[in-house]
Structures are given as C-alpha cells and as structure tokens.
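See below for the structure under consideration.
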Amino acid sequence: MTGTQVFITIAVVVAATMLTRFLPYICFPQGRKTPKYVNYLGKVLAPAVFGLLVVYCLRNVNFTGGSFGIPEIIAVLVVIITFVWKRQMLLSMASGTLLYMLLVQTVFK
C-alpha cells in the first residue's frame, strides 16, 4: 500500500469507529424515552445470538459415526449444569470449551 492508501484506510477506520461510538448518543439523547423496539432488542438479541451459536457449533456433529457426538453432548451438559449452578455465562462457556477440547484431544482421538 502506498502512503496515501494507508492514510485513507486509517482515516476511514477512525471515522467509522467514531460514528459507531457517537451514533447512539445522537439517535437516543438523554432525556428522551428509549423506543420500545430498542428495549425489546436489548432483551432478546443476546439469547438469540447464543441460540444461533449453539446451532452453529453443533451443526456438523455426526451422531451415527466416529465418537457418536459423545464429547459434544458431555460439553453441552457441562455448560448447562455450570450455568444453572453458578449463573456465570463466561465460566460455563469456558468450562464446556475446555472439557470439549480435553475430550477430543485425549479421550476421543
């Protein structure tokens, strides 16, 4: 990239970052009531994303061959049990991921 192209790229990245930082304050100024659809999206978007992640992660699991999906099932159960027990999303995701990696690297080669 030439010096001009580097400068333009940096300028565009800075402008886009500033726009994404300032746009919520411009669209929803303090003192105005937040629209109902924004509150609705705030409630349903995170669970929808995690549901999509579960489907994405389990889409290619083969329950009829190989390890029959046993490491995936164990990891999902550990995530669910850990979340119900501690109510910590990061802890439950990390524990399930670590257990899954341990299982596929050592037990189910």
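The values are calculated or read from the model by the stated rules, or taken from the named source; none is laboratory data. Computed from a predicted structure; not experimentally measured. A quick note on method: Cβ atoms are made from the backbone with ideal geometry, for glycine too, and the neighbour counts reach across all protein chains shown. Heavy atoms of the whole protein, side chains included, go into the accessibility calculation; ligands, DNA and RNA do not. Shrake-Rupley method; radii C 1.70, N 1.55, O 1.52, S 1.80 Å.
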Open item on the list: For the stretch 92-109: of the residues being among the β-branched types (Val, Ile, Thr) and open to solvent by 60 Å² or more (accessible area, probe 1.4 Å), which is nearest to Thr82 (Cα to Cα)?
Closed with: Thr97
- [ ] Would you check which residues across the stretch 60-109 are in contact with a Pro (Cβ under 7 Å, 6 or more places away or on another chain) and touching a residue at least 40 places away in the same chain (Cβ under 8 Å) and list them?
- [x] Phe108
Open item on the list: Residues that are in a loop (DSSP other than H, G, I, E, B), of a type in the set (S, T, N, Q) and more than 22 Å from the chain's Cα centre (by Cα): does the stretch 38-60 have at least one?
Closed with: no
Task: Failed item, numbered, when Leu45 is tested on (1) surrounded by 11 or more Cβ atoms within 10 Å (Cβ to Cβ); (2) under 30 Å from Pro24 (Cα atoms) - done: (1)
Task: Identity of the residue in the stretch 66-91, closer than 30 Å to Lys109 by Cβ and among the polar types (S, T, N, Q), that ends up surrounded by the fewest Cβ atoms within 10 Å (Cβ to Cβ) - done: Ser67
TODO: Go through the stretch 21-36 and count every residue that is open to solvent by less than 90 Å² (accessible area, probe 1.4 Å) and β-branched (Val, Ile, Thr).
DONE: 1
TODO: Have a look at Phe50, Phe63 and point out the one that is surrounded by 10 or more Cβ atoms within 10 Å (Cβ to Cβ), within 17 Å of Gly96 (Cα to Cα), modelled with pLDDT under 90 and not hydroxyl-bearing (Ser, Thr, Tyr).
DONE: Phe50
